[in-house]
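Every read-out reported here was derived from the displayed coordinates using simple, explicitly stated rules and does not represent laboratory data. Here the structure is a predicted model, which means the values were calculated and not measured. Every residue, glycine as well, gets a Cβ built from its backbone with ideal geometry; the counts of neighbours run over all protein chains shown.
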Amino acid sequence: MENGKILGIAYNVIPVADVEKSAAWFIKHFGFNVRHPRPGYLSLFRGDRPILDLIQSDNETRAVFEINNKKRWVITFFTDNIEALHAYLQSENVKVGSISDEGQYGKFFVLEDPDGNLFDIWEHKDCELIF
């Protein structure tokens, strides 16, 4: 019998103040769909692929950490057109940073959701990402 192995990350869980409000934001801006709703918790999918689980937090906990007093993200989304996504999010008044081109490492920008969770957006043409 072969040992099991990790095949990838199934989904990430982030804390939010209001599950329904946050889900509506992610659906509007990223086209996710809701699955498995229950009180204070729901799953966001892209088609049939799980992406995020939102859990209602009873405090100000957010999915961020700090290095040298600078807030950092814990989740990176990937895109195939970073300029178009960035322009769209800006037009929707989403808090986004500027696009950083890091050459062989790809292009990045950071965004903030309404709860203060930070996310990195990444475009890279030389990586296998299964979605």
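With both residues required to sit in the chain, DSSP beta bridges show an antiparallel share near 75%.
Ordering Glu112, Glu83, Glu2 from the fewest to the most neighbouring beta carbons within 10 Å gives Glu2, Glu83, Glu112. The candidate values were (i) 35, 14, 12; (ii) 29, 17, 11; (iii) 23, 21, 16; the one computed from these coordinates for semi-axes √(5λ) of the Cα gyration tensor in Å carries the label (iii). Extension gain, Ile27 to Asn69: 0.36 nm times the residue separation minus the Cα-Cα distance gives 12.0 nm. Bridgeable lysines around Lys71 (alpha carbons under 24 Å apart, same-chain partners fewer than 8 residues away excluded): Lys21, Lys95, Lys107. A DSSP coil position with no more than 15 other Cβ atoms inside 10 Å describes the following trypsin sites (Lys or Arg not before Pro) in segment 1-107: Lys5. Taking amide H as placed 1.01 Å from N in the peptide plane, the amide H of Asp53 sits under 5 Å from that of Asn12, Val13, Ile14, Leu44, each at least 5 places away or on another chain. Going by neighbour counts of Cβ atoms within 10 Å, the residues Ile6, Ile27, Ile82 line up, fewest first, as Ile6, Ile27, Ile82.
About its Cα centre, the dipole of the chain is roughly 200 debye, where the only charges are +1 on Lys and Arg Cβ and -1 on Asp and Glu Cβ. Taking the helices alone, the chain has a mean residue ellipticity at 222 nm of -5000 deg cm²/dmol, built from -39,500 (n - 2.57) per DSSP H run of at least 4 residues and averaged over all its residues.
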